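Let me begin by presenting the structure, written as structure tokens, before commenting on it.
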Amino acid sequence: MANYSTGWVSYGNMWSFRVVVSEKSQDVTNNKTTITCQMQMKYILSQGNTMNVDGTYYMTINGTQYSYTYTPAPCWCENGTILPIFSKTLTVTHNSDGTKTIPVVMQASMIGQGNFSAVTRNVTLTPIPRASSFSLNVSSATIGSTQITVNISRASSSFTHKVYYSCGSNHNWQANSGNESATSVSWTPSINDCNHYPNSTSGTATIKVDTYNGSTWIGTASKTLTMNVPSSVVPSISSVSVT
């Protein structure tokens, strides 16, 4: 898992502050990441000194503020000394596309040294894989002769898929039953599918790909294509006699 930092923000001529965000775990199924946020301060003067850093420190993570009253004994600080102030572990829900950027606000009130005004920085977490996308080899097909191929681009190698082919109003068929781990699925529509377009020489079919993580549904994607009835089964009138 990754670590991110807000970057150091200077406070006066002695201190800088930052928040380090550490990803602990991702819950792919529920689209969440557990993170630990640690507020740190760094002594930036060139000469060493014994410092008293008592005060109240604040972090606002993803809209929720956390505070901590820090009362350590005075400590010897040299240029570059980093003091961990406090940390907070929480779980963040990502956006529906799996991305997430969280605002981090740093603030402090140090006894004898005044207030460190609120400063906001954004931290972007590692995206969580969501529903797979797919492409079709054709935009239209002739029933009984054109092969349809679904090529799946999955966001995680652990994802499996169910590919459904629907035509007409009452036909929904899983095209990859028993082979849900495949990323390429092909079939040729049966000539019997013409029965689903009884009053037209063409119609619309829908291809749907459902993405699963184990047995848990992650999301779905769908596309449509035109289905053409072959001329060999389209009725024609060779002659008409009217009396």
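The values are calculated or read from the model by the stated rules, or taken from the named source; none is laboratory data. What you see is a predicted model; the values in this text were computed from it and never measured. For neighbour counting, all protein chains shown are included, and Cβ atoms are generated from backbone atoms with ideal geometry for every residue, glycine included. Note: accessible area is taken over every heavy atom of the protein model, side chains too, but ligands, DNA and RNA are not part of it. Shrake-Rupley method; radii C 1.70, N 1.55, O 1.52, S 1.80 Å.
Mind listing just one residue for me: the one in segment 57-82 that is over 20 Å from Tyr4 (Cβ atoms) and not in a loop (DSSP other than H, G, I, E, B) and, of those, least open to solvent (accessible area, probe 1.4 Å)?
Cys77
If I filter segment 151-158 for residues that are within 14 Å of Asn228 (Cβ to Cβ), open to solvent by less than 30 Å² (accessible area, probe 1.4 Å) and not aliphatic (A, V, I, L, M), do I get at least one hit?
no
Take the residues in segment 31-47 that are open to solvent by 40 Å² or more (accessible area, probe 1.4 Å) and free of Cβ contacts under 8 Å to residues at least 40 places away in the same chain, then tell me which one is nearest to Met110 (Cα to Cα).
Ile44
Residue under question is Met39, and the condition is that it be of a type in the set (A, V, I, L, M) and modelled with pLDDT under 90; does it hold?
The answer is no for Met39.
Which members of segment 83-101 meet the condition of being open to solvent by less than 40 Å² (accessible area, probe 1.4 Å) and either under 30 Å from Gly219 (Cβ atoms) or part of a loop (DSSP other than H, G, I, E, B) (or both)?
Correct list: Leu90, Val92, His94, Gly98, Lys100.
For segment 132-139, does any single residue satisfy the condition of being open to solvent by less than 40 Å² (accessible area, probe 1.4 Å), of a type outside the set (D, E, K, R), under 30 Å from Phe17 (Cα atoms) and in a loop (DSSP other than H, G, I, E, B)?
No, that holds for no residue.
Can you tell me which condition Thr188 does not meet? The list is (1) closer than 30 Å to Gln40 by Cβ; (2) in contact (Cβ under 8 Å) with a residue 24 or more places away in the chain, and all the others hold.
Here Thr188 clears every test but (1).
Can you name the residue in segment 102-127 that is open to solvent by 60 Å² or more (accessible area, probe 1.4 Å) and not small (Gly, Ala, Ser) and is also nearest to Asn3 (Cα to Cα) among such residues?
The residue in question is Thr124.
In segment 5-14, is there at least one residue being on the phi > 0 side of the Ramachandran plot and either modelled with pLDDT under 95 or surrounded by 12 or more Cβ atoms within 10 Å (Cβ to Cβ) (or both)?
Within segment 5-14, one or more residues are on the phi > 0 side of the Ramachandran plot and either modelled with pLDDT under 95 or surrounded by 12 or more Cβ atoms within 10 Å (Cβ to Cβ) (or both).
Could you grab the pairs with beta carbons closer than 6 Å, sequence gap of 6+ or different chains, first residue in segment 223-237 and of a type in the set (S, T, N, Q), second one open to solvent by 70 Å² or more (accessible area, probe 1.4 Å)?
Close Cβ pairs satisfying both conditions: Thr224/Thr204.
Select from segment 196-227 the residues that are surrounded by fewer than 15 Cβ atoms within 10 Å (Cβ to Cβ) and over 28 Å from the mean Cα position of the chain (by Cα) and list them in ascending order.
Pro198, Asn199, Ser200, Thr201, Ser202, Thr204, Thr226
Quick one: in segment 93-135, of everything that is closer than 30 Å to Ala73 by Cβ and among the hydroxyl-bearing types (Ser, Thr, Tyr), which residue is modelled with the highest pLDDT?
Filtering segment 93-135 for residues that are closer than 30 Å to Ala73 by Cβ and among the hydroxyl-bearing types (Ser, Thr, Tyr), the one modelled with the highest pLDDT comes out as Ser109.
With the checklist (1) more than 33 Å from the chain's Cα centre (by Cα); (2) aromatic (Phe, Trp, Tyr); (3) closer than 30 Å to Ser157 by Cβ in hand, flag the one item Tyr4 doesn't pass.
The failed condition is (1).
Residues in segment 121-136 that are of a type in the set (S, T, N, Q), in contact (Cβ under 8 Å) with a residue 40 or more places away in the chain and within 23 Å of Ser67 (Cα to Cα): how many?
Here the count works out to 1.
Limited to segment 107-131, what total is found for residues that are of a type in the set (Gly, Ala, Ser) and assigned to a loop (DSSP other than H, G, I, E, B)?
Total meeting the criteria: 2.
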